[in-house]
Amino acid sequence: MKPHPLGCAGLPRSHAAAGFVLPVTVILLALIAVGVALMSHRSDQLRDLVMASRQEQQAAAAVQNTLAQAMYLSSTLYRRGKRMGDIVIDGRYYRTADGIDVSYLDAGALFNLRRARPTELVGLLLALGIGDAKADRLSDTLLDYVDADSLVRLNGAEAPEYAAAKMPPPRNNFLLMPTELQRIVGWHDLDAATLNAVLDNVYVGTVGNVNRNTVRAPVLAALGGTDIASARALIAQRDAGQPLAIESLPSVVHGSFFSVGRYITLPSSTLLISICPPAVAWCQRVSLTATADDGLGPWHVDYSIRVTRTVALPASAQVEALPDQPPKHPPPPLFTPFGNQQ
């Protein structure tokens with residue numbers, strides 16, 4: 001019996017086969033297109049990862065170069081008032097020859113957490129806009145974290161409270177760096193903006209004096225026992241060219257002679273250096289102390305931490321080039337009962 005010359009449904013066989021092949025071809029082409037797009041996307045991702053890794057490596061190298069320059073400058077330039085050579089050490093940004101933004105800040109401008117007194121610590125938190133109850137809580141948990149005993153302050157926390165919060169136990173020793181605050185009950189839960197505001201005004205180290213020429217308003221409010229508005233008014237007068245009127249601070253008015261002696265006009269031996277490569281989203285913060293007097297070395301890095309940059313760097317037109325050369329004329333020597341000191 002001969003096959004019918006027509007295929008299924010009365011169509012010629014060649015037409016039926018073509019009707020089957022066409023959709024299969026379209027599907028295959030679509031799968032190939034999807035595969036090519038996926039490979040292209042993965043290739044783009046790989047290229048981005050390679051570029052990001054390269055930027056990180058270049059930024060890390062730039063940080064080391066800038067830090068080496070900072071070590072040299074801190075060991076060779078005179079420090080007077082709010083300057084180290086021609087560099088103003090109040091935290092403003094400069095740009096290096098390599099295009100890196102760097103700021104120098106005298107530790108005497110900041111609140112030293114290692115020497116924190118309860119009332120002054122609460123005063124700093126209040127000046128930063130933290131409420132009374134929360135400020136008392138944060139103060140007590142910090143003081144419990146650094147003291148050597150296991151007694152709990154009224155609003156504090158020791159090992160049982162840390163275990164309940166599923167956090168590592170307190171070290172019961174002094175802080176090693178400011179970011180250690182994030183390991184403390186209560187501080188761990190601060191929002192990023194509040195925590196960054198605290199970190200911008202604190203320091204951990206040995207400096208106990210306050211530099212009248214660089215101290216920041218929240219720090220002045222905390223140490224001077226005044227409100228933030230009064231502290232800002234005093235800072236504004238200082239920035240306008242007048243000496244900082246510490247005689248009006250409650251801690252000086254009601255304190256002893258030593259209260260006045262806490263405020264000095266010279267920079268400390270420690271600088272807080274922020275090194276910010278523009279190509280990455282972080283800055284390196286370094287605490288650098290000049291140690292030439294101890295005979296062991298010209299400087300010491302107290303701590304170095306990498307922090308996420310939350311504020312955009314200033315525009316290029318607003319940033320001066322780093323004045324990395326010694327001034328043409330050195331400042332006059334300092335006169336002390338022990339002789340002239342450079």
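Determine which aspartates and glutamates satisfy two conditions relative to residue 82: a Cα distance under 19 Å, and not lying fewer than 8 residues away in the same chain.
90, 106, 200, 239, 320, 324
Can you pull the one-decimal nm distance between simple spin-label points at residue 163 and residue 325, each 7 Å off the Cα toward Cβ?
6.5 nm
For residue 51 and residue 305, compute 0.36 nm times the residue count separating them, minus their Cα-Cα distance, and round to one decimal in nm.
So the extension gain works out to 89.1 nm.
Could you work out how far apart the two model spin labels at residue 40 and residue 75 are, taking each label as a point 7 Å from the Cα in the direction of the beta carbon, and quote it in nm?
My value for the distance between the label points is 5.5 nm.
Report in % the part of the accessible area of the stretch 174-233 that belongs to carbon and sulfur, leaving out ligands and nucleic acids; probe 1.4 Å.
Ligands and nucleic acids excluded, carbon and sulfur give 53 percent.
Residues of the chain: accessible area per residue at 1.4 Å, in Å²?
57 Å²
Which distance in nm do the two modelled labels at residue 115 and residue 240 give, with both placed 7 Å along the Cα-to-Cβ direction?
Result: 3.0 nm between the two label points.
At a 1.4 Å probe radius, carbon and sulfur cover how many percent of the accessible area of the stretch 73-128?
46 percent
Could you compute the FRET efficiency for residue 65 and residue 149, with r as their C-beta to C-beta distance and R0 at 51 Å, rounded to 0.05?
The computed FRET efficiency comes out at 0.65.
Hey, what did the chain get for relative contact order, percent, Cα under 8 Å, at least 6 apart?
That works out to 21 percent.
For volume of the Cα convex hull per residue in Å³, the choices are [x] 172; [y] 125; [z] 275; which was calculated from the structure?
Here volume of the Cα convex hull per residue in Å³ agrees with entry [z].
Can you tell me which of 89-97, 51-59 comes out highest on packing, and rank the rest after it, using the mean Cβ neighbours within 10 Å?
89-97, 51-59
Express in whole angstrom the spacing between the alpha-carbon centres of the stretch 96-111 and the stretch 201-258.
Cα centres, the stretch 96-111 to the stretch 201-258: 21 Å.
The values are calculated or read from the model by the stated rules, or taken from the named source; none is laboratory data. Quick caveat, the model's predicted, so the values are computed rather than measured. Reconstructed Cβ throughout: ideal geometry from the backbone, glycine too, with neighbour counts over all protein chains shown. We work out accessible area using only protein heavy atoms, side chains counted, and drop any ligands, DNA or RNA first. Shrake-Rupley method; radii C 1.70, N 1.55, O 1.52, S 1.80 Å.
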